[in-house]
Structures are given as structure tokens and as C-alpha cells.
Amino acid sequence: MTLYLLLHYWKPNLDIRENRTLLVLAMLVPMIVMVTWGFPGTVGVWAAAGTTAMLGAITPQRPTRFEAALPISGRDIAIARLVSAFAVNVTPILLATATIVAFNRAPFPAFELAASVFISVLAVLLPRLVNTNQLTVTAGGGVTPILVMGIAAGAAILRFSHAQSLALLSVSAVAVGAWWWRRVPEAFQLAPLSVSSRVDHSSDADVSSAADRTRWWHVIRTTMFSKMRVYNCALAIMMGAMGMWQLYLISVIMMEDVWQRARWMQSMPLSHRSRLWMLLTPGFFLPLLLTIIGAQLHIPGHDEFQSVNRSAIGTMGQESRYFDSPTSVSFDYWEQANGAVAPITAPWGETVQPYVIHVFNRTYYNPYTARKASSERFTAWQFERLTTSVFGVPLALKDHDDGQLNPRRLNAQPRMMILNVATALVIGFLFMIGMGFVRWHKSWAHQTIVGIVMVVFMVVPIGVWLFTIVAYGMRQGAMNVLVPLLERQLMNLSPVLPSNNFVVLAFAAVPVLAVYSLLEWQYKNSEMVGPVPKV
Amino acid sequence: MTPPMILEFNDVARSYKKDKPVLDGVTFSMQAGEVVALLGRNAAGKTTLINLAMGMLFPHRGTVRVFGMSPTEEPVAVKKRIGYVSEDQVLPPTSRISEMIAFHRYLYKNWDVALEKELLQRFGLSRNDAKIKELSKGQARQVALLCAVCHRPELLVLDEPAGGLDPAARREFLETSIQLLNREGTAILFSSHNMGDVERLGGRAILLDGGKVRIDSELDALRENTCLAVIPQYAVTNLSDIRNLEGCLGARGGTNEWHAIFRGSPSEVQTRLQTKFNVSAQCQRIPLEELFVELVGGDRTAALK
């Protein structure tokens with residue numbers, strides 16, 4: 001995904017879908033990460049499946065004139081294309097599995113592998129079901145990832161076991177495959193999609209009268225919101241629920257798509273600010289809003305979203321891989337060690353050596369560690385300490401296990417939300433300024449400086465992010481360290497600020513408005529040049 | 001009384017790479033009601049010039065004024081008085097024609113609904129509220145033209161507007177532009193590679209070459225007062241001698257002769273060449289397309305050897 005976005009940004013006219021090698025590479029990264037992560041619960045499976053489904057759905061599927069002209073049946077072409085698409089979808093899974101085996105850190109992930117393959121079947125076939133006569137993806141094809149994600153989310157909410165999930169996926173895949181096979185025609189058509197796919201009954205309407213009834217902003221809506229954005233919105237909610245604010249930055253990178261789509265409006269008598277807000281609303285504010293909504297998700301009886309263990313760092317290499325410690329916690333609650341990490345001692349003398357990880361040459365430890373060998377009393381004591389930090393109140397381990405008590409996390413409450421949103425906006429705006437630097441009209445004469453700025457703003461942050469995922473995620477189970485480090489700073493800042501939330505809001509607004517002003521100034525002085533891409 | 005200036009370029013330069021200017025010192029102006037054709041080879045800077053006029057690009061040197069205003073400083077006020085159609089203008093593919101019209105009605109308060117209905121009728125789109133992506137290339141261009149002209153702009157800017165259209169659609173498009181607007185005093189600035197279009201629209205031609213304005217002349221004057229001289233190479237060995245001759249607009253090498261475009265009638269040019277080089281050159285008036293090819297076409301580098 002990241003590679004796709006990077007390539008899309010650096011070479012806007014490069015259609016990655018036309019390049020199978022790049023597509024495989026683009027899929028390889030998330031699949032290795034997801035599978036290597038070890039699929040904590042079902043979330044990992046669905047995240048991997050969602051990525052597979054999304055990329056599967058955009059795989060090129062239209063028959064070429066060469067293919068269509070061959071004296072072979074439609075089913076032969078379909079099978080050839082299908083095998084090719086499967087290779088793209090399944091290869092990363094196999095490679096990721098091989099990576100795990102090579103690292104020898106986990107048992108063979110048979111369930112995850114089978115689930116991914118079945119979901120690939122669904123992802124590859126479902127888009128083709130919409131209009132098999134053309135072997136192509138129509139508008140309905142874009143819904144596929146959402147459908148697959150919906151099935152996945154349903155299974156997760158219903159707490160399906162691995163066996164049940166596998167049964168559901170395999171039955172779905174077989175049914176879909178059979179249905180598709182029966183519908184494949186003898187010959188495919190090359191007629192333009194938009195002309196042949198459907199008859200539009202509204203086309204007989206009087207256009208002027210229809211314009212009388214139409215609101216002006218319909219064009220803005222259709223210009224700014226691509227169907228893929230619906231998928232992004234779902235992802236924003238999910239990531240918000242998991243406390244993964246970094247998705248927000250991905251949304252900002254994806255602004256390039258919105259930027260290009262709005263290019264035709266340059267000749268319109270619209271102010272710079274209006275056009276900037278047209279870009280920011282779908283590409284910037286909407287994902288942020290949905291991330292905030294996701295962060296507030298709290299389903300009684302299902303404590304995954306506000307769980308004390310949300311995005312917890314695994315115990316890979318320090319404990320049995322699948323030991324599910326109740327005091328595992330995300331990286332923002334880990335402490336930095338000064339020198340050797342001392343054992344943690346309970347008031348009654350029981351001690352435990354805390355889990356440690358090494359990030360950026362520094363040692364961090366989980367001050368709430370309770371190991372498999374720890375006593376129940378010790379675990380309960382640590383759990384109370386942990387929940388005091390996470391929720392602001394001490395919770396009994398038993399109540400939490402029963403799902404009776406799962407209050408809202410402190411960092412989901414308004415005060416921390418204000419700080420989080422302000423930080424996300426400042427980082428997002430800065431990122432956008434960096435990306436927009438290349439469009440500043442004075443940049444054209446200084447290509448070297450532009451290159452340096454782009455590296456600083458684009459390559460370095462994304463490179464560091466990828467590095468942390470690979471270096472700390474694969475080796476130490478700490479997938480997400482950058483955002484928690486920032487979150488930790490905000491949590492430290494919060495008590496320093498006045499207790500009134502309105503004052504905090506005013507405090508947070510200052511840097512946001514300052515950076516926004518810079519962005520607006522830059523946008524006013526930016527220009528779109530180069531070939532006009534297809535939208 | 002002189003009509004007011006609506007477009008002024010004063011020593012405008014613009015580049016995309018350092019020290020490689022696309023436009024370098026372009027100066028010209030345009031009065032209300034004028035029709036001006038921008039000519040030039042690919043990458044001559046026609047689109048850049050138009051984008052500068054639209055405020056979609058910033059000049060690196062010089063000033064651009066549209067209706068006396070800077071199009072980058074006051075873009076809204078300027079664009080409200082301009083209609084714009086370009087070959088690479090990609091309208092939102094999933095929007096319907098009615099939605100595009102509703103949007104433009106909202107933006108332009110002086111939108112002429114009667115003209116909108118007339119054009120829809122004329123283009124055969126009045127009962128076809130299709131999405132942009134469902135339209136043919138020509139129809140999509142017609143929608144763009146409709147959106148560009150129904151607020152009755154004072155300046156219509158067309159960047160290769162008829163590129164890629166078949167001859168009938170091309171003529172329909174251009175006639176609409178001219179008939180509907182120029183008769184009412186709208187100025188038209190358009191770029192085109194098609195000399196037939198240029199001759200049909202008439203008015204004034206500006207030829208861009210090497211980042212500069214090479215020719216700025218009324219079309220009629222250009223046709224009447226220029227001619228092609230074919231000069232044997234044995235009589236003049238150095239091409240620069242021809243280029244330095246008074247009235248020479250450009251010269252290039254042929255197989256065994258030089259081809260040069262001169263200002264003046266064929267007899268005048270013939271006399272001039274006879275006097276200077278003592279050679280009897282063939283001089284004749286040529287069509288606009290030939291003139292264009294002679295001025296900017298051919299392998300001039302080879303000829304300069």
C-alpha cells in the first residue's frame with residue numbers, strides 16, 4: 001500500500017495496475033508485515049485480507065484486443081487471467097509464510113494462510129461477477145473490498161472461531177467460484193464500459209430542467225469523492241478504533257488523488273481558499289473525523305476498541321509467542337530505562353523481570369509486566385496499576401475478564417482528543433506543505449532544493465516508519481512505535497496544561513492555525529503543471 | 001475610440017527547467033472583440049501562455065494583465081469574465097450534464113439560460129442527461145464549450161479546443177464559438193495546429209517560436225504581405241546572408257535551394273534578392289499552412305551546417 005502510494009505520488013502517471021512486478025512488490029510489504037506480526041486475534045487476518053481484497057479488486061482485468069482476438073474460448077481466457085491474478089494475490093502470502101518459517105519464530109500459520117487464500121478467491125472473483133461479459137470491473141467491483149471487509153467484520157464481531165471463519169470463507173469462495181464459472185461467456189466484448197454496461201433511464205430527462213432541480217454541490221461531491229474513498233473511510237474508523245493515527249498520514253498522501261481530480265476546477269472562478277477546502281474536506285478532514293469517531297467506538301460486551309490491551313506489544317522472543325498477558329499494553333505506556341532494567345517488586349516482595357524492547361538504541365520496558373509464571377495476585381496488582389494509567393481508575397482483573405467493566409480510555413476523552421487532533425492536523429498540514437513544495441511556482445528553477453525537501457518530507461518519514469515496522473515489528477513485536485512515542489509526549493503535556501478544556505483547545509489551535517496559514521499561502525502560490533492524468 | 005485592452009503580456013518569461021525558458025520576453029496585447037490565434041510547433045509555449053493568462057501559472061518574469069488585473073492576484077474577478085476550454089480539460093467523469101450546468105449557474109450569476117437551452121438543442125444534448133464519461137469526445141467538448149460560453153464571457157480562451165474532433169464536429173465547435181460570441185464583442189484567444197481553423201476564425205495570428213513572438217500580424221496582412229522565395233544554393237552559400245536581409249522572417253535549407261519567407265509582395269522580394277545576390281529567385285504567395293511550415297518546420301539545424 002505504502003509502496004503503491006509512493007509510486008503514485010512520485011510518478012502520477014504510472015499506473016501500478018499495469019505493472020505486475022510492482023503490484024506484487026506493493027502487496028508483499030503489507031503481507032509480510034501482517035503475517036509476520038503473527039495475526040493477533042482475528043484483526044490481523046482481516047487487515048491482511050482487506051489489503052489483498054483491495055489490491056485484488058484493482059488488478060487489471062479487461063481483456064486486451066490481443067486476447068479477445070485469439071481463437072480461444074472465453075473460459076480459457078478467463079482461466080488464464082484468473083491464474084495470473086491468483087499468482088499476484090497468493091504469491092505474497094506464500095512468501096510471507098516462507099519468511100516466518102525462515103525466522104523460525106512461530107508455528108506454521110495454517111489458518112491464516114488458508115483464510116488469506118480463500119479471501120483472495122473472493123477478492124478476485126467477486127469483481128468479475130458484476131459483468132462477466134466483459135471480464136472487467138464495473139462500479140460494483142469497487143464494493144467488493146467493503147463486502148469482504150463486512151463479512152470479516154461480522155465474523156469478528158460474532159466471535160467466530162478459526163474453524164467457523166474458515167468454513168464461512170471456504171463455502172463462500174466455492175459458491176462464488178461456481179457461480180462465476182457458469183456465467184463466463186464464450187466470447188468477451190471490448191465495447192466501452194460506460195456505453196455498454198447499463199442503460200440509463202434518466203437520460204431522457206430535459207437537461208435544463210434537471211439542472212434546475214440539481215444542487216450546485218453535486219459536482220463537487222462527484223469530483224472529490226471517489227468510490228475508493230469509501231474504503232478509506234471504513235479504514236479510518238477501524239484505525240481510529242485501534243488507536244493507529246498514522247493512517248491519517250496515509251490519507252494525506254492520498255490527497256494527490258483528490259488534487260488531480262479537482263484539477264479541472266482551476267479555470268473556475270473559485271478562490272484559492274475554496275479550492276483548498278474542497279481538497280481538504282474529503283482528503284483531510286473527513287478521515288480525521290472518522291478517525292476520531294473510530295477512537296470513540298465502544299461496543300458494550302466487546303471491549304476490543306477501548307481495551308487496555310489495544311495495540312499491545314507482543315511478547316515475542318521473551319515469552320511463549322501466544323501467551324496472552326493481561327498486562328500487555330501499547331508502546332505509549334512503556335517506560336524508558338536508564339541503564340539496566342531493574343525487576344519490578346510488588347509490596348509483598350514478589351518480583352518480575354519486565355519485558356524489554358530496544359527502539360532507536362534505547363531500552364524500554366513494560367512497567368506493568370506480569371509473566372506466565374507470575375502469581376494471580378501479582379498479575380491483579382499489575383493490572384490495577386495498568387488500568388489506572390489507561391483508564392484513570394483501577395480495575396479488577398476479574399471484572400475486566402467478564403467484560404463487565406470496560407470504561408473509556410483516557411486518550412479517547414476530549415482533552416487528549418484535542419491534543420491528538422491538533423497534532424494530527426499540524427503533522428498533516430506540514431506533510432502537505434512538503435508535498436506541495438514541488439508545485440510552488442518558484443520551485444521550478446531550484447530542482448535540487450525541491451528534491452531535498454521532498455526527500456525530507458516524504459521519503460524520510462515514510463522510510464523511518466517502514467523501518468520501525470520491519471525492524472521492531474518483525475523482530476520484537478512492536479509494530480507501532482512512532483505514534484505511541486508521540487502519544488506519550490502528549491500524555492506528558494496534558495497535565496502541564498490548565499484543567500479547562502477550552503483553554504487547551506485555544507492552546508492547541510495556535511500551531512494549527514499557524515501551519516494552516518502557511519499551507520494556504522503555499523496553495524495560493526502553487527500551480528499544476530505536467531500532463532493531465534485520467535481521473 | 002480604441003477598444004479597451006483586455007489582455008496584456010509584457011516581457012513575460014516562463015520556464016520549467018532552469019535556463020530553458022519556454023517563453024522568453026513575450027510581449028503582445030489584445031483588444032476587446034479581437035480574435036487571436038496562437039500558432040507554433042509542439043512545445044512552443046502556446047499552452048503555457050494560455051495558462052499564464054488564466055492565472056494557472058505564474059510568470060517568472062514580466063507581467064500579465066487581464067482586464068487590467070493580475071490573474072494570479074485576483075483570480076476570481078478575472079475568471080468570472082473568462083470562458084475556458086482546453087483539449088486536455090478532464091471534466092469530472094461521473095458528473096451528469098445537468099450537474100455541470102447547475103454548478104456553472106451557481107458560479108456565474110449572469111448565466112444565460114436561453115443560450116444554454118439553445119446550445120443543448122444545437123448539440124443534440126437537450127434530452128440526454130448523461131454522465132461525462134458516457135459522452136463521446138466531441139460531446140464532452142461541446143459540454144465544456146457550453147459551460148464556457150453561457151455566462152457570455154468577455155474573453156473566450158480556447159486551448160486546442162477542437163483537437164481530436166472529426167472535421168464536422170470541429171467546424172460545428174468553432175462556428176459556435178464565433179457565431180455566438182465574437183459577433184457580440186467577445187474576444188477570443190485560441191491555440192491551434194490546424195491552419196484551416198485559424199483561417200476560418202480569421203483575426204490575428206501570433207506565431208511563437210523559440211519562446212518569442214516571431215510573427216504578430218492580421219491574417220489578411222500576413223497572406224497579402226508575405227511570400228516564399230526559393231533561392232538556389234549555388235547563388236548564396238551562406239544562409240545567414242539571407243536571414244540578415246531586410247524583411248526576412250525566416251529561412252531554412254532545402255535540397256539544392258534555400259527557402260525563405262519575406263515580408264512584401266513577390267515582385268518586391270524578387271527585386272530585393274536580384275539586387276543583393278544577383279540571382280533570379282522564385283517568389284510566390286503561399287497558403288497559411290505552408291507559411292507556418294516554412295517558418296517553424298524542417299530540419300533547420302542541418303541547414304545551418
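Touching a Phe, Trp or Tyr at 6+ places or on another chain (Cβ under 9 Å) and either within 7 Å of chain A (Cβ to nearest Cβ) or not basic (Lys, Arg) (or both), is that true of residue B:90? The answer is yes for residue B:90. Across region B:2-10, a minimum of one residue is classified as of a type in the set (Ser, Thr, Tyr), part of a loop (DSSP other than H, G, I, E, B) and in contact with a strand residue (DSSP E or B) (Cβ under 9 Å, 6 or more places away or on another chain). Scanning region B:97-125 for residues that are at the interface with chain A (Cβ under 7 Å from one of its Cβ atoms) and within 23 Å of residue B:174 (Cβ to Cβ), which turns out surrounded by the fewest Cβ atoms within 10 Å (Cβ to Cβ)? Top of the filtered list is B:117.
Checking each residue in region B:129-138 for being at the interface with chain A (Cβ under 9 Å from one of its Cβ atoms) and part of a helix (DSSP H, G or I) picks out B:133, B:134. Residue B:61 passes every criterion in (1) surrounded by fewer than 24 Cβ atoms within 10 Å (Cβ to Cβ); (2) facing chain A (nearest Cβ under 10 Å); (3) touching a residue at least 40 places away in the same chain (Cβ under 8 Å); (4) out of contact with any Asp or Glu (no Cβ under 6 Å at 6 or more places or on another chain) apart from (2). If you go through region B:1-54 and keep only what is closer than 21 Å to residue B:203 by Cα and of a type in the set (Phe, Trp, Tyr), you end up with B:9, B:28. A single member of B:105, B:65 is assigned to a strand (DSSP E or B), on the phi < 0 side of the Ramachandran plot and modelled with pLDDT of 90 or more, and it is B:65.
Every listed requirement among (1) under 24 Å from residue B:31 (Cα atoms); (2) modelled with pLDDT of 90 or more is met by residue B:162 save one, (2).
Mind checking which residues of region A:478-514 are part of a helix (DSSP H, G or I) and under 25 Å from the mean Cα position of the chain (by Cα)? Result: A:482, A:483, A:484, A:485, A:486, A:487, A:488, A:489, A:490, A:491, A:512.
I'd like to check something: does region A:202-216 contain any residue that is at pLDDT 75 or above, over 23 Å from residue B:136 (Cβ atoms), among the basic types (Lys, Arg) and not in a helix (DSSP H, G or I)?
Yes; the residues of region A:202-216 include at least one that is at pLDDT 75 or above, over 23 Å from residue B:136 (Cβ atoms), among the basic types (Lys, Arg) and not in a helix (DSSP H, G or I).
Scanning region B:90-102 for residues that are among the hydrophobic types (A, V, I, L, M, F, W, C), assigned to a loop (DSSP other than H, G, I, E, B) and more than 30 Å from the chain's Cα centre (by Cα) yields no hits at all. Restricting attention to region A:363-402, the residues being in contact with a Ser or Thr (Cβ under 6 Å, 6 or more places away or on another chain), in contact (Cβ under 8 Å) with a residue 12 or more places away in the chain and not in a helix (DSSP H, G or I) number 3. Take residue A:320 and tell me if it is modelled with pLDDT under 80, touching a Lys or Arg at 6+ places or on another chain (Cβ under 7 Å), surrounded by fewer than 21 Cβ atoms within 10 Å (Cβ to Cβ) and of a type in the set (Gly, Ala, Ser). It is true that residue A:320 is modelled with pLDDT under 80, touching a Lys or Arg at 6+ places or on another chain (Cβ under 7 Å), surrounded by fewer than 21 Cβ atoms within 10 Å (Cβ to Cβ) and of a type in the set (Gly, Ala, Ser). The sole residue among A:280, A:289 that is surrounded by fewer than 18 Cβ atoms within 10 Å (Cβ to Cβ), more than 14 Å from chain B (Cβ to nearest Cβ) and at pLDDT 80 or above is A:289.
Among A:475, A:408, which is part of a helix (DSSP H, G or I) and either farther than 20 Å from residue A:510 by Cβ or modelled with pLDDT under 85 (or both)? Only one candidate passes the filter, namely A:475. Looking across B:52, B:38, one residue alone is within 14 Å of chain A (Cβ to nearest Cβ) and surrounded by 18 or more Cβ atoms within 10 Å (Cβ to Cβ). It is B:52. A residue that is modelled with pLDDT of 85 or more, of a type in the set (Gly, Ala, Ser), surrounded by fewer than 19 Cβ atoms within 10 Å (Cβ to Cβ) and farther than 24 Å from residue A:506 by Cα cannot be found anywhere in region A:396-405. List, please: which pairs have Cβ atoms under 8 Å, are six or more places apart or on different chains, and start with a residue in region A:232-259 that is polar (S, T, N, Q) and end with one that is modelled with pLDDT under 70 and part of a helix (DSSP H, G or I)? Within 8 Å, the pairs are A:232/A:251.
Every listed requirement among (1) in contact (Cβ under 8 Å) with a residue 12 or more places away in the chain; (2) assigned to a loop (DSSP other than H, G, I, E, B); (3) touching a Ser or Thr at 6+ places or on another chain (Cβ under 9 Å) is met by residue A:357 save one, (2).
Tell me, yes or no, whether region B:145-156 has at least one residue that is part of a loop (DSSP other than H, G, I, E, B) and within 9 Å of another protein chain (Cβ to nearest Cβ). Scanning region B:145-156, I find no residue that is part of a loop (DSSP other than H, G, I, E, B) and within 9 Å of another protein chain (Cβ to nearest Cβ), so the answer is no.
Okay, residues lined up against (1) under 28 Å from residue B:208 (Cβ atoms); (2) facing chain A (nearest Cβ under 7 Å); (3) without any contact (Cβ under 8 Å) to a residue 12 or more places away in the chain:
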residue: B:84; (1), (2), (3): yes, yes, no
residue: B:95; (1), (2), (3): no, yes, no
residue: B:127; (1), (2), (3): no, yes, yes
residue: B:140; (1), (2), (3): yes, no, no
residue: B:168; (1), (2), (3): no, no, yes
residue: B:176; (1), (2), (3): yes, no, no
residue: B:187; (1), (2), (3): yes, no, no
residue: B:193; (1), (2), (3): yes, no, no
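Residues in region B:221-228 include none that are assigned to a strand (DSSP E or B), in contact with an Asp or Glu (Cβ under 6 Å, 6 or more places away or on another chain) and surrounded by 22 or more Cβ atoms within 10 Å (Cβ to Cβ). Cβ-Cβ distances below 8 Å connect the following pairs, each with a first residue in region A:479-507 that is loosely packed, with under 13 Cβ neighbours inside 10 Å, a second residue that is not in a helix (DSSP H, G or I), and a separation of six or more residues or different chains: A:503/A:497.
The values are calculated or read from the model by the stated rules, or taken from the named source; none is laboratory data. Just so you know, these numbers come straight off a predicted model, no measurement behind them. Counting neighbours? That spans all protein chains shown, and the Cβs are built from the backbone with ideal geometry, glycine included.
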